[in-house]
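The values are calculated or read from the model by the stated rules, or taken from the named source; none is laboratory data. Quantities reported herein were computed from a predicted structural model and do not represent experimental measurements. Don't worry about glycine lacking a Cβ; one is built from the backbone with ideal geometry, like all the others, and counts go over all protein chains shown.
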Ligand code: GRF
């Protein structure tokens, strides 16, 4: 499976995927491309140090959003990707790209969807919302991307406890370590080994 990873920030989820490929936790997949919208994303350095083609395609360098979308889609198609992984990618994926990869784009969201997700719930804002509501359990979700925001069929979820005195930063780190970095590589391995299918909007996983 040829996998492309789209990133915007530190790239700890990308690192988890690279480590899982190296350790054999992910089989039948290779990371063929990393793209960031942010030239300063440390995720690009992580890709470069592992000799993975790494590109910055920034909306700011195009006449308009449409041109940016076309350039992004072109780059994905050039690398003949079978799966696109959004790993902390903070740019909306337009319908044109979603339609080019039906149930072949996945996203990691740092909450138990459908809670604390949708427009505005990204990065620390997710964990701020969790703490403000006082929920006792949060977690992370890997889902297929459809034309909505965090609305596609759910593939995997993992719960994480909220502890007294948690700050958004401490909680974000726990959700990454205990959930994101585990379920995102796992989802890629399941897809790479044809264990995942979608039947009327619900995900079925073989041998679960
Ligand atoms: C984090 O907020 C993470 O929860 C979410 O994307 C952000 C950056 O992750 N998935 P990364 O370190 O760039 O993978």
(message) residue 66 - would you say it is farther than 22 Å from residue 43 by Cα, touching a helix residue (DSSP H, G or I) at 6+ places or on another chain (Cβ under 8 Å) and at pLDDT 95 or above?
(response) no
Review point. Does residue 109 count as over 26 Å from residue 34 (Cα atoms) and buried (at least 18 other Cβ atoms within 10 Å of the Cβ)?
Key: no
Listed by first then second residue, the pairs whose first member lies in region 103-121 and is more than 15 Å from residue 8 (Cβ to Cβ) and touching a residue at least 12 places away in the same chain (Cβ under 8 Å), whose partner is more than 13 Å from the ligand (Cβ to nearest atom) and assigned to a loop (DSSP other than H, G, I, E, B), with beta carbons under 7 Å and at least 6 positions apart or on separate chains, are 104/82; 105/93; 105/145; 106/145; 118/149; 119/149
Within region 25-45, residues being touching a strand residue (DSSP E or B) at 6+ places or on another chain (Cβ under 8 Å) and either touching a residue at least 60 places away in the same chain (Cβ under 8 Å) or farther than 26 Å from residue 175 by Cβ (or both) number 5
Restricting region 46-99 to residues that are more than 16 Å from the ligand (Cβ to nearest atom), in contact (Cβ under 8 Å) with a residue 40 or more places away in the chain and part of a loop (DSSP other than H, G, I, E, B), the one surrounded by the fewest Cβ atoms within 10 Å (Cβ to Cβ) turns out to be 80
Expected output for region 1-24 (first residue more than 16 Å from residue 83 (Cβ to Cβ), partner more than 6 Å from the ligand (Cβ to nearest atom) and in a strand (DSSP E or B), Cβ below 9 Å, 6+ apart or cross-chain) is 8/36; 9/36; 11/5; 11/34; 11/36
query = Does region 156-169 include one or more residues that are within 15 Å of the ligand (Cβ to nearest atom), within 21 Å of residue 9 (Cα to Cα), modelled with pLDDT of 95 or more and surrounded by 18 or more Cβ atoms within 10 Å (Cβ to Cβ)?
reply = no
Here the residues within region 19-36 that are crowded, with 17+ Cβ neighbours inside 10 Å and away from the ligand (no atom under 12 Å from the Cβ) are 20, 21, 26, 29, 31, 32, 33, 35
Residue hits (region 1-13; touching a strand residue (DSSP E or B) at 6+ places or on another chain (Cβ under 7 Å) and within 6 Å of the ligand (Cβ to nearest atom)) are 7, 13
